[in-house]
Amino acid sequence: MKIVLASHNKGKIQEVTDILAPFGIEVEPIPEDFPEIEEDGDSFEENAKIKARAVCKATGLPAVGDDSGLVIDALDGFPGIHSARWAGPNVSAHEKNQLLIEKMLPIPEDERGAQFVCVAACVFPDGRELSVRGQCRGTILSEEHGTGGFGYDPIFCVPEYGCTFGELASDVKNSISHRARAFTALGSALKQYAEEGE
């Protein structure tokens, strides 16, 4: 099976290609000149499907979109679906982390639970849709640790490893991350879908 991934991000395309390869799924990126898709849904699921529907309609191929973000318990799920944009345009990841650390100052150590969430959705030319969710629990630190990964990785600590996503080896992070879990689940679902269609 071949799918088109609704992303221009080379790192993400490679990661998803690696995850889906064992399921016999070939990943193709969207064309370079594909217009920006406005994600105006109210949930990770809606945003993932908005992207997948747009790409499926344009290419006539099964298309996959994903949306992910950081959900902090003590902040009622903030920043959630707004994780990439809540601090405004042209704000660096480091600056966003500092702003979030300030927001979390009044929160005690034992109430800093959070999770990274990723939803991957696939839309087929015949109108069928499926979506899967991957999550990774952790806690928010009061300072950055590590330079690996991107975004909120340096302040997201995974208790079972005793370090942040920013400190974890990339192969370990890529096996336990929210995106890895979502796309592994998607691979299983797509394989089953393909077998049912044979």
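Numbers for the structure displayed
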| quantity | calculated |
| --- | --- |
| For E195, E111, order by how many other beta-carbon atoms lie within 10 Å, fewest first | E195, E111 |
| Electrostatic dipole magnitude of the chain [Cβ: Lys, Arg +1; Asp, Glu -1; Cα centre; debye, to 20] | 240 debye |
| Taking C163, C122, C136 and counting other C-beta atoms within 10 Å, the order from fewest to most | C163, C136, C122 |
| Gaussian network model of the chain, springs between alpha carbon atoms under 10 Å - residue of N90, N47, N174 with greatest fluctuation | N90 |
| Residue of A52, A93, A120 that the Gaussian network model of the chain assigns the largest fluctuation, springs spanning Cα pairs under 10 Å | A93 |
| Inverse mean reciprocal Cα-Cα distance (Kirkwood Rh) of the range 127-198, Å | 13.6 Å |
| Charge dipole (the range 35-151, unit charges on Cβ, about Cα centre) - positive-most of G148, A63, G88 | A63 |
| Gain on full stretching of the segment that runs from D126 to V91 - 0.36 nm per residue minus C-alpha separation | 8.6 nm |
| Order of I176, I3 - criterion: other Cβ atoms within 10 Å of each residue's Cβ, fewest first | I176, I3 |
| Alpha-carbon centroids, the range 72-132 and the range 160-182: separation in whole Å | 16 Å |
| Top of S175, S131, S68 by mean-square fluctuation, Gaussian network on the chain, Cα under 10 Å | S175 |
| Calculated FRET efficiency for the pair E36/E102, C-beta based, R₀ 30 Å, to 0.05 | 0.50 |
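Here, each number is a calculation from the coordinates, and none is a lab measurement. Everything quoted here is computed from the prediction, not taken from an experiment. Glycine gets a Cβ as well: all are built from the backbone with ideal geometry, and neighbour counts include every protein chain shown.
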